[in-house]
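Accompanying notes for the structure given below.
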Amino acid sequence: MIESFKQLGELARGRDLADVFLESDAQEHGVPAEHIIEALTKRRQVMRDCIERGKGGGTSMGKLVGNEAKLLNEAFLAGKTFLDPLTIKAELYALSVMGENSRMGVIVAAPTAGAGGVVPGMLLALEEERNVDPAKTVRALVVAGGVGSIVALSANISGAAGGCQNEVGVATAMGAAAVAYMMDGTPQQSINAAALALKNTLGLVCDPVGGLVEVPCVKRNALFAVHGLTAAQLALAGVESVIPMDEVVEAMVRIGRALPRGLKETAEGGLATTATGCAIGDRLKDEANQRRAERAAERERLAQERKAEVTS
Amino acid sequence: MGPVMVGPSSSHTAGTARLGRVAREILDEDPVAVRFVLHPPLAATYRGHGSDFALVGGSIGLNVDDPRIPEAIRIAEQMGVEIEFAEEDMGDVHPNTVRVEIRGKAREAEIAGSSIGGGVIDVFNINGFSAHFKGDSPTLLLFYRDRPGMISEVTKIIADEGINIASLACSRKQRGKDAFMQIDVDSPMSKEALRRICATPDVDEAKYLDRIP
């Protein structure tokens, strides 16, 4: 098992990073490389399909988000955007996935659902814009997954455990390493990309409005997809992280512990307790209570019907 | 990479659906009543994240990527399953922790576990016994009467099958009384081996769970 990024760096020197992870998995879990490639080929397709569905927009469960992907896509198609297509597509695809997620659509947790837009946003935008072979994208997913699994050895990957740094932060690190890989970077550059990306998400809190994975999660995924690309760019140019990746992860865990409970997914702090956040929270609670009352009435009606059937 | 799943949160939908599914698999029959007891942080967030659909969905046997998860509560009601949600402070546990009390026509079961992110679960209590169940490998759960030689008899049957044991843990309520063994194995176990284990003296019940998808 690969237990640290230091060990990964040593093992992978002069080698293909995806191969190193695949071999380690085969050794540890007895899963042949072809099975992992096959499973991740399916994941890539689920991501693609999800992006296609999500581009059209729709309304989220809490009705707080929904048209972000559609708006950006329309502006892009109409030539009314000012950024380069790679950046826009990274944002657009992340928004598309997160839109689907907020509608309880089928997505790939990468590493979580709430942070599930970052990796597909970065990787699939890059694949299209830089003509990367889809098979290489699949291998980049091996790299992303491998990076995530090393982080997961020392950190719980959830907003509840350590705030959004543990979700979107880790997703951005995974994506940055994978992008460096796709652009033919060295393993060390991938590890540096991950460290640079994660360092700049440290302290990010999880403060979902109304407790829903909608605000700020959907747009945050889009913005961090772009952040991950820039981290990979720095690493590919030779910029190194002064603090090694293993230590960045340690810092993340410590910061996560120090964060108060109200900023760890409970919707009891941050954006969730702003005036607008509270008003939305109250409305959602009222609506949920109403739905419960309706369901109870429906159950009662069914029970009465059954009773009537029995007596007749 | 995490699982293919129905949104919106891997802790709250994928992990919780798997926890519900573990309870359903241990019960090993269609449930008639399920009670979900939520640790306060989960109780504060579960509805917004669809954990109620996911927990119920898992407990009636749906997979995490089943598009019927959003309809799970209605489906459960149609099946005549009684559903209840409650809140209880379980002390120093992961924020997203739930106890599932599930009852079928013939049997009942109870598990407590945490959804720790990315769909990963940690079931730390099964029918009152301390456990370490993650659902990521085939696992044998054994309920038996504590006595010398039990571990060697059971592991011999597994060894005869040529199956490697990844981990083994036992716990008991009292010396010589009710005990529990959890054996994680590297490859699937045959029905014949399971039958032999069930036939071992002092074994009350053996449950073989495949990887929880």
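The numbers here are math on the coordinates, done by the rules we state, and not lab data. Since the structure is predicted, the reported quantities are computational estimates derived from the model, not experimental observations. A quick note on method: Cβ atoms are made from the backbone with ideal geometry, for glycine too, and the neighbour counts reach across all protein chains shown.
In terms of other Cβ atoms within 10 Å, A:MET183, A:MET1, A:MET98, A:MET245 run from fewest to most in the order A:MET1, A:MET183, A:MET245, A:MET98.
For the stretch A:16-55, the gyration tensor built on C-alpha atoms gives a prolate shape. Its axis ratio a/c (a ≥ b ≥ c) is at least 1.5, and a/b is the larger of a/b and b/c.
When Cβ neighbours within 10 Å are restricted to other protein chains, what is their mean count per residue of peptide A:141-147? Show your work: numbers first, answer last.
On the way: counts 1, 1, 0, 1, 2, 1, 0.
If you average over the peptide's residues, the count of other-chain Cβ atoms is 1.
Across peptide B:8-21, the mean count of Cβ atoms from other chains lying within 10 Å of each residue's own Cβ comes to 6.
Expressed in nm to one decimal, what extension gain is obtained for the pair B:LYS191 and B:ALA86 from 0.36 nm per residue of sequence separation less their Cα-Cα distance? Show your work: numbers first, answer last.
Numbers: separation 105, 0.36 × 105 = 37.80 nm, distance 3.77 nm.
Gain on extension, B:LYS191 to B:ALA86, equals 34.0 nm.
Only helices enter this figure: runs of n ≥ 4 DSSP H residues, each worth -39500 (n - 2.57), summed and divided by the residues of chain B, yield -7000 deg cm²/dmol at 222 nm to the nearest 500. Expressed to the nearest 5 percent, the antiparallel share of DSSP beta bridges inside the protein assembly as shown is 85 percent.
The alpha carbons of chain B stretch over 50, 34, 33 Å along the principal axes, in descending order. With the alpha-carbon atoms of the protein assembly as shown aligned to their principal axes, the span from lowest to highest coordinate is 70, 60, 39 Å, starting with the largest. Looking at the stretch A:84-154, the trypsin sites (Lys or Arg not before Pro) that sit in a DSSP loop and have at most 16 other Cβ atoms within 10 Å of their own Cβ are A:ARG130. Rounded, prolate or oblate, given the Cα gyration tensor of the stretch B:59-145, with a/c below 1.5 counting as rounded? Because its axes are fairly even, with a/c under 1.5, the stretch B:59-145 counts as rounded.
How about the stretch A:1-87: which chymotrypsin sites (Phe, Trp or Tyr not before Pro) there lie in a loop by DSSP and see at most 12 other Cβ atoms within 10 Å? Each step should come with its number before you reach the end.
Details: sites: A:PHE5, A:PHE21, A:PHE76, A:PHE82; in loops: A:PHE82.
Those that pass, being in a loop and sparsely packed, are A:PHE82.
Charge tally around A:VAL20: other residues with Cβ under 15 Å, Lys/Arg +1 each, Asp/Glu -1 each, net -3. With the biggest extent put first, the Cα atoms of the stretch B:10-127 measure 34, 30, 21 Å across the principal axes.
222 nm [θ] for chain A, helices only, -39500 (n - 2.57) per DSSP H run of 4+, per residue, to 500? Computed ellipticity for chain A at 222 nm equals -22000 deg cm²/dmol.
Report, as an integer, the average count of C-beta atoms from other chains found within 10 Å of each Cβ along A:155-165. Intermediate values should be presented prior to the final figure.
Details: counts 1, 10, 8, 14, 7, 14, 7, 1, 0, 0, 0.
Counting Cβ atoms of other protein chains within 10 Å of each residue's Cβ and averaging gives 6.
Taking packing as the residue-averaged number of other Cβ atoms within 10 angstrom, the listed peptides A:200-210, A:168-178 run from highest to lowest as A:168-178, A:200-210.
The long axis of helix A:217-236 is offset from the longest Cα principal axis of chain A by roughly 0 degrees. Remark: spin-label model distance A:LEU11-B:ALA166 equals 1.6 nm, labels positioned 7 Å along the Cα→Cβ axis.
Can you list the equivalent-ellipsoid semi-axes of the stretch B:144-213, largest first and in whole Å, using the square root of 5 times each Cα gyration tensor eigenvalue? Kindly include the intermediate steps, with their values, before the conclusion.
Details: eigenvalues 81, 36, 26 Å².
Computed over the stretch B:144-213, the values are 20, 13, 11 Å.
Computed from the Cβ-Cβ distance with R0 of 30 Å, the FRET efficiency linking A:THR273 to A:LEU71 stands at 0.60.
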